[in-house]
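Chemist: One structure, pasted below without further comment.
Rule-based calculations on the coordinates, nothing more; no lab input. Every value quoted in this text rests on a predicted model; they were computed, and no experiment measured them. As a convention, Cβ positions derive from the backbone with ideal geometry for all residues, glycine included, and neighbour counts pool all protein chains shown.
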Amino acid sequence: MNVENNSFKEELKNLENNFLKAVPINEFNTHEKELKESDIPKLALNIGDKMPDFILKNAVGNPINSEDLLDKKWLVLSFYRGQWCPFCQFELQNLQKNLSSIENCPARLVAISPQTPDNSLTTKQKNDLTFDVLSDEGSLVGKKFNIVYTVPNYLEAVFKKIGVDVQYMNGAGNMQLPIPATYVIDNQGIIRMRFLEVSFLKRLDPQELVEFMSKN
């Protein structure tokens, strides 16, 4: 494993350590346990499944058709919770750092969250992202992938304490979020790789993503 891989894992671990010092961890542990025991890990789309069709708005409000995303050998879909999540920001920033390697596979990279287009635009600008960031308002696409859950009341209260307003980011009444997940899809729309963890602390190293696509 090279230095860059070590750096990603070390930075992610440091982020985790700092985060866990600053939040009420019992509630997060309870929620992670609930997600592990839910149907999501069993029902989430997996290798060999067909990607569902969708049309989503990009950060400037233009509709993007899923069929048009299959113009490369690979399509990478990165589902993230929102710009308010430091682990999502870390993941997006590292995907951007590795974008040229991803595109050389060749692959198209797209990030998807339940945020409104305005907040997706803020995410794109804040993190200097040059790949598409799509808004899955109402988590309709996330639900097709079977990776969406409703934020429980006790966790919503924790979010508010630490200054996170999910309903502002997603639109009024929307308290649903995806489990962070990465899907690699071939140009026939078939899922060939999946990274899915119920713990939002765990993220896929972009270099592992590149390595998979380069070898297949």
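Chemist: Could you tell me what percent of the DSSP beta bridges with both partners in the chain are antiparallel, to the nearest 5? Before the final figure, lay out the partial values.
Modeler: On the way: 19 of 29 bridges.
Taking every DSSP beta bridge within the chain, about 65 percent pair in antiparallel fashion.
Chemist: How would you rank 98-109, 171-182, 21-32, highest first, on the average number of other Cβ atoms within 10 Å across their residues? If you can, show how the numbers build up before the last one.
Modeler: Values: 98-109: 17.3, 171-182: 18.8, 21-32: 13.1.
The packing order, highest mean first, is 171-182, 98-109, 21-32.
Chemist: Let me ask something additional. Would you mind working out the magnitude of the charge dipole of segment 169-215 relative to its Cα centre, with +1 at each Lys and Arg C-beta and -1 at each Asp and Glu C-beta, to the nearest 20 Debye?
Modeler: Numbers: 5 positive and 5 negative charges, 16 e Å.
For segment 169-215, the charge dipole is close to 80 debye.
Chemist: Residue-wise, which Karplus ³J(HN,Hα) couplings in Hz belong to segment 184-198, taking 6.51 cos²θ - 1.76 cosθ + 1.60, θ = phi - 60°, and x for glycine or proline?
Modeler: In residue order, the calculated couplings are 10, 10, 7, 6, 9, x, 9, 6, 10, 8, 9, 10, 9, 10, 5 Hz.
Chemist: Expressed in nm to one decimal, what extension gain is obtained for the pair residue 10 and residue 71 from 0.36 nm per residue of sequence separation less their Cα-Cα distance? Before the final figure, lay out the partial values.
Modeler: Values: separation 61, 0.36 × 61 = 21.96 nm, distance 3.46 nm.
Length gained between residue 10 and residue 71: 18.5 nm.
Chemist: Work out the charge dipole of segment 50-168 with +1 on the Cβ of Lys and Arg and -1 on the Cβ of Asp and Glu about the Cα centre, then indicate which of 134, 164, 123 is farthest towards its positive end.
Modeler: 164
Chemist: So, one more: Mind giving me the nanometre distance, one decimal, between the label points for residue 165 and residue 99, set 7 Å out from Cα along Cα→Cβ?
Modeler: 2.9 nm
Chemist: Taking Cβ-Cβ under 4.7 Å as the only way to count a partner, pick out the unpartnered cysteines of the chain.
Modeler: 105
Chemist: Of the listed pairs 42/73; 42/124; 42/160; 144/215; 50/144; 21/160, which have alpha-carbon separations greater than 21 Å here?
Modeler: Working: 42/73 28 Å; 42/124 32 Å; 42/160 30 Å; 144/215 28 Å; 50/144 11 Å; 21/160 17 Å.
Where the Cα-Cα span goes over 21 Å, the pairs concerned are 42/73; 42/124; 42/160; 144/215.
Chemist: On to the next question. About its Cα centre, what dipole magnitude does the chain give when the only charges are +1 on Lys and Arg Cβ and -1 on Asp and Glu Cβ, stated in debye to the nearest 20? Don't jump to the answer; show the numbers that get you there.
Modeler: Working: 24 positive and 28 negative charges, 36 e Å.
So the dipole magnitude of the chain works out to roughly 180 debye.
Chemist: Further question: Testing the spin-label approximation: label points 7 Å from Cα along Cα→Cβ at residue 53 and residue 37. State their distance in nm.
Modeler: 4.0 nm
Chemist: Sort 39-49, 116-126, 146-156, 73-83 for me by packing, meaning the mean count of neighbouring Cβ atoms within 10 Å per residue, highest on top. Numbers along the way, then the final one.
Modeler: On the way: 39-49: 13.9, 116-126: 18.5, 146-156: 16.5, 73-83: 22.1.
The densest-packed peptide leads the list: 73-83, 116-126, 146-156, 39-49.
Chemist: Give me, ordered by chain and number, the residues 5 or more places off residue 136 or on other chains with an amide H under 5 Å from its own placed amide H.
Modeler: Here 113, 115 satisfy the definition.
Chemist: Spin-label point model (7 Å from Cα, Cβ direction): what's the residue 211 to residue 140 distance in nm?
Modeler: With each label placed 7 Å out from Cα toward Cβ, I get 3.9 nm.
Chemist: Sort out for me the Cα centre separation of segment 29-93 from segment 142-214, rounded to whole Å.
Modeler: A separation of 6 Å, based on Cα centres.
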